[in-house]
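These notes are about the structure you will find just below.
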């Protein structure tokens, strides 16, 4: 039996990628008659002399970006492997399905996107539940796996090498492209992305925050809460994103449902700029002063966002002008997925998973 | 009354002695506790590790021992204490904050080992393929 997987190898994207990052489709794991953890052991065995972050994804499930945008892909398990090993306690973490609970659409208004035709009825995976996190992870432990030098954090969207001090980001929209043979854009994450990833929504079992109780950071707040420093946090690391016109469509879908940036959705630079250009409401006063400091530090002023544009773009114009509307990741290079990803197959040795 | 734990300096001295018990010229380096000024160490574990160092030196080829102490939970939260002193030595202010550090797990230190013998508590063992 063979297991198919994809890897962005170290050195991919003209040298931008600092570490190997493996992506496995759950369907391919099932085809190989393996469990998700067994698949990780198979990959670990492939890395007997090296190391990698591992994301297992379900292309028929949905998840949510940190600022509240639903995506047609979900990470269902993460792992870190180093020289054939997986740390038993911290090296692997499943991310179980989150059933629709009573009151979810009131407590988490951004989840109304789940009613959209393209997402309706699909299983939701965001962050781990208590059982997924295991008994040894403490309250301060993030949704992260660690083995040896490799950490895979925030449910599979940022990976580090803790010895070489290198890191990469693969946004959910990019993972979707990687798994569906689309295109990705790659460049240094930069200040706008750094600020954006802190503008989270409040969720139960979120990818970054929240457990049985809602996460404490509400839409309109900054989880980084670091003033002008926030823009520096990921300013040196490469990020893989979907081409802007692709995630523009997802943001417009969310705004078309009536969700309001700053109240229901995080005011990330991408979302607040999109809402402003599209002429949909922004809850200016609900965005905290601390969040405004971070937005102003990347050139998004409260004054400008408070003034509606004279002639909002249509949906088609928004998509056509996505590159200029969505700030950040300027001069990113666009790649076909086949140019940055190796597709591999490994014969499963039963001894490996015993 | 005697404390049923081992003082940190005693722990370090015992490990040094254990490495040199068979061959006094055996070198030993202990890494991972450098910044801890004072601590009491669990005595039984101290004894176990002392015996393990002695066991490692049973092989006549061993000329050097490294004892590496790493946190079991690799996501460590420290509390930082920034203290300001005046010329008389009086501490006028102390500001506390959190400092998080992600630290490589034990596997990072095992990649060159020919034999790995994991004697930790059952729940703490790594998966080794």
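Taken together, the values in this text are just the output of simple stated rules run on the coordinates, not laboratory data. Here the structure is a predicted model, which is why all the values come from computation and not from measurement. In this analysis, Cβ positions are derived from the backbone assuming ideal geometry, glycine residues included, and neighbour counts consider all displayed protein chains.
How large is the Rg to Rh ratio of segment A:176-310 when both quantities use alpha carbon positions and Rh follows Kirkwood?
Details: Rg = 14.8 Å, Rh = 15.4 Å.
Rg divided by Rh gives 0.96.
Here is the tail figure for chain B: Cα pairs spaced more than 17 Å apart come to 70 percent of all pairs.
Restricting attention to chain A, close to 80% of DSSP beta bridges with both partner residues there are antiparallel.
Taking only DSSP H segments of four or more residues, each worth -39500 (n - 2.57), what value at 222 nm results for chain A once the sum is divided by all its residues, to the nearest 500 deg cm²/dmol? Show your work: numbers first, answer last.
Values: 15 runs with 99 residues, N = 354.
Here the helix-only value at 222 nm equals -6500 deg cm²/dmol.
Pair-distance distribution P(r) for segment A:248-291, from all Cα-Cα distances in 5 Å bins starting at 0: 5, 26, 40, 19, 8, 2 percent.
Just to be sure I understand: if I project the alpha-carbon convex hull of segment B:82-125 onto a plane and average over all orientations, what area do I get in nm²? Walk me through the intermediate numbers first.
Values: hull surface 26.0 nm².
The directionally averaged projection comes out at 6.5 nm².
If the segment from residue A:49 to residue A:324 were pulled out straight at 0.36 nm per residue, it would be longer than the present Cα-Cα gap by 94.6 nm. Name the residue, out of A:140, A:83, A:125, whose mean-square fluctuation peaks in a Gaussian network model built on chain A with Cα pairs under 10 Å. Between A:140, A:83, A:125, it is A:140 that shows the largest mean-square fluctuation.
Once the Cα atoms are used to define both axes, helix A:36-46 deviates from the longest principal axis of chain A by about 70 degrees. Within the listed set B:43, B:80, B:88, the Gaussian network model of chain B (springs between alpha-carbon atoms below 10 Å) gives the highest mean-square fluctuation for B:88. Each distinct pair of alpha carbons in segment A:78-204 adds a 1/r term; the inverse of their mean, the Kirkwood radius, is 16.7 Å.
When you restrict to C-alpha pairs under 8 Å that are six or more residues apart and normalise by the size of chain A, the relative contact order lands at 19 percent. The simple spin-label model puts a point 7 Å past each Cα toward its Cβ; for residue A:118 and residue A:212 those points are separated by 3.6 nm. Springs between Cα atoms under 10 Å define the GNM used for chain A, and in it the highest mean-square fluctuation of A:134, A:68, A:210 occurs at A:134. Measuring from a point 7 Å past the Cα of residue A:138 along Cα-to-C-beta, which residues in segment B:64-84 have an amide N at less than 17 Å? So the set is B:70-81.
Shown is the FRET efficiency for residue B:87 and residue B:8, computed with R0 = 25 Å from the Cβ-Cβ distance and rounded to the nearest 0.05: 0.20.
On average over all directions, what projected area in square nanometres does chain A have, based on the convex hull of its Cα atoms? Provide the component values of the computation, followed by the final result.
On the way: hull surface 66.5 nm².
Spelled out: convex hull of the Cα atoms, projected over all directions, averaged, 16.6 nm².
Counting DSSP beta bridges in segment B:1-69, what percent are antiparallel, to the nearest 5?
Around 40 percent antiparallel, to the nearest 5.
Compute the label zone of residue B:23 within segment B:106-123: residues whose backbone N is under 20 Å from the point 7 Å along Cα-to-Cβ. Flagged as within label range: B:113-115.
Suppose R0 equals 30 Å; then what is the FRET efficiency for residue A:334 and residue A:228 from their Cβ-Cβ distance, rounded to the nearest 0.05? About 0.45, to the nearest 0.05. Between helix A:244-256 and chain A there is an angle of about 60 degrees, using the helix long axis and the longest principal axis of the Cα atoms. For segment B:1-69, a/c is not less than 1.5, where a ≥ b ≥ c are the root eigenvalues of the C-alpha gyration tensor, and a/b tops b/c. That puts it in the prolate class. Both radii come from the Cα set of segment A:9-98: Rg as radius of gyration, Rh as Kirkwood radius; their ratio Rg/Rh reads 0.99. Calculated FRET efficiency, residue A:314 to residue A:285, Cβ-Cβ distance, R0 = 25 Å: about 0.35 to the nearest 0.05. You can think of it this way: the chain between residue A:129 and residue A:106 has 6.2 nm of extra reach, that is 0.36 nm per residue less the Cα-Cα gap.
Angle of helix A:269-278 to the longest C-alpha principal axis of chain A, folded into 0 to 90 degrees and rounded to 10: 50°.
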